[in-house]
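Worksheet for the structure shown next.
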Amino acid sequence: MATEIIRLDKISRHYHVGSEIVRALQEVDISINKNEFVAMMGPSGSGKSTLMNMLGCLDTPTSGHYFLSGMDVSKMTDNELADVRNKEIGFIFQTFNLLPRSTALENVMLPLIYAGVPKHERIRRAEETLESVQLANRMHHRPNELSGGQRQRVAVARALVNKPSLILADEPTGNLDSKTSVEIITLLEEIHQMGNTIVLVTHEEDIAEHAHRIIRLRDGKVEADSPNENIISFNKPEAVNV
């Protein structure tokens, strides 16, 4: 039986802009199970960025309920949300969001510091995770000494190091060239094959085609939600060590 990771129950998010009300999300219902690979798409103003912020516990709904791993996070305090973000969610951003003066190892260790993990354990887990994304030989390099693809791999490792329930990837190939984009989407496929749940926000159809399910938003509502019948994959499952 599938285990539900995400359930959005009539989630709405309204913003006041001057005297107007912007209805960014309107009674959105979405359910995502463990080990799904879901792409979210939509034109500018569709609500996909607002929805990503909601899923990442960076914003709270005006109305409705958001359940993450069985917890109703929609009514939590800011401190409670920060704790959930650190323990349950791994973020991968378009702009990498790495600390420029810190090494790859130090960047990956950061979520473990917030989680109160002892130093020797932080180092061990960060090293293991960097090795898993093929950066064992770049651990002590700073971001400006790494290529764009290597920086995104560091960001992926940072997202994975806490063993979160959910990986949120916000336009992870947006700042990369075609060759490097292939490398990163291949890495996301490997992560999915190892049992992780991934929600990918993208405006690129060819990137979304790697997901197993595509949710399309328009005007703050779910316009379509269906399995991807034409999955593109660069990986063979049998080649991945689970």
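The values are calculated or read from the model by the stated rules, or taken from the named source; none is laboratory data. From a predicted model like this one, the values you see are computed outputs, not experimental measurements. FYI the Cβ positions are ideal-geometry reconstructions off the backbone, even for glycines, and counts take in every protein chain you see.
Of the helices (runs of 4 or more DSSP H) lying entirely inside the stretch 26-128, those containing at least 3 residues that are modelled with pLDDT under 95, over 30 Å from GLU229 (Cβ atoms) and out of contact with any strand residue (DSSP E or B) (no Cβ under 7 Å at 6 or more places or on another chain) span 78-88, 104-114. Of all residues in the stretch 45-61, none that is aromatic (Phe, Trp, Tyr) has its Cβ atom under 9 Å from the Cβ atom of a residue that is in a helix (DSSP H, G or I), 6 or more apart or on another chain.
Pairs are defined by a Cβ separation below 6 Å, a sequence spacing of at least 6 or placement on different chains, a first member in the stretch 174-203 that is in contact (Cβ under 8 Å) with a residue 60 or more places away in the chain, and a second member that is among the aromatic types (Phe, Trp, Tyr) and surrounded by 22 or more Cβ atoms within 10 Å (Cβ to Cβ); the pairs so defined are HIS192/PHE37; ILE198/PHE37. Of all residues in the stretch 100-131, those being within 18 Å of GLY148 (Cα to Cα) and either in contact with a helix residue (DSSP H, G or I) (Cβ under 7 Å, 6 or more places away or on another chain) or hydrophobic (A, V, I, L, M, F, W, C) (or both) number 6. For the stretch 163-175, give me each residue that is surrounded by fewer than 22 Cβ atoms within 10 Å (Cβ to Cβ) and closer than 19 Å to LEU130 by Cβ. Those that are surrounded by fewer than 22 Cβ atoms within 10 Å (Cβ to Cβ) and closer than 19 Å to LEU130 by Cβ: LYS163, PRO164.
Let's see how each residue does on (1) on the phi > 0 side of the Ramachandran plot; (2) buried (at least 17 other Cβ atoms within 10 Å of the Cβ):
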| site | (1), (2) |
| --- | --- |
| LEU51 | no, yes |
| MET54 | no, yes |
| THR62 | no, no |
| PHE67 | no, no |
| ARG85 | no, yes |
| ILE92 | no, yes |
| MET109 | no, yes |
| GLY116 | yes, no |
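In the stretch 19-39, the condition of being touching an Asp or Glu at 6+ places or on another chain (Cβ under 9 Å) and free of Cβ contacts under 8 Å to residues at least 12 places away in the same chain is met by no residue.
Yes or no: the stretch 150-172 includes at least one residue that is hydroxyl-bearing (Ser, Thr, Tyr) and in a loop (DSSP other than H, G, I, E, B). Spell out the reasoning first.
The first filter runs over the stretch 150-172 and keeps only residues hydroxyl-bearing (Ser, Thr, Tyr), leaving 165.
So of that shortlist, the ones also in a loop (DSSP other than H, G, I, E, B) come out as 165.
So far as the stretch 150-172 goes, yes, one or more of its residues are hydroxyl-bearing (Ser, Thr, Tyr) and in a loop (DSSP other than H, G, I, E, B).
Residues in the stretch 132-141: is at least one of a type in the set (Ser, Thr, Tyr) and more than 23 Å from SER165 (Cα to Cα)? Checked the stretch 132-141: no residue is of a type in the set (Ser, Thr, Tyr) and more than 23 Å from SER165 (Cα to Cα).
The criterion of being within 14 Å of the chain's Cα centre (by Cα), closer than 30 Å to GLU4 by Cα and either among the hydrophobic types (A, V, I, L, M, F, W, C) or surrounded by 19 or more Cβ atoms within 10 Å (Cβ to Cβ) (or both) does not hold for LEU130.
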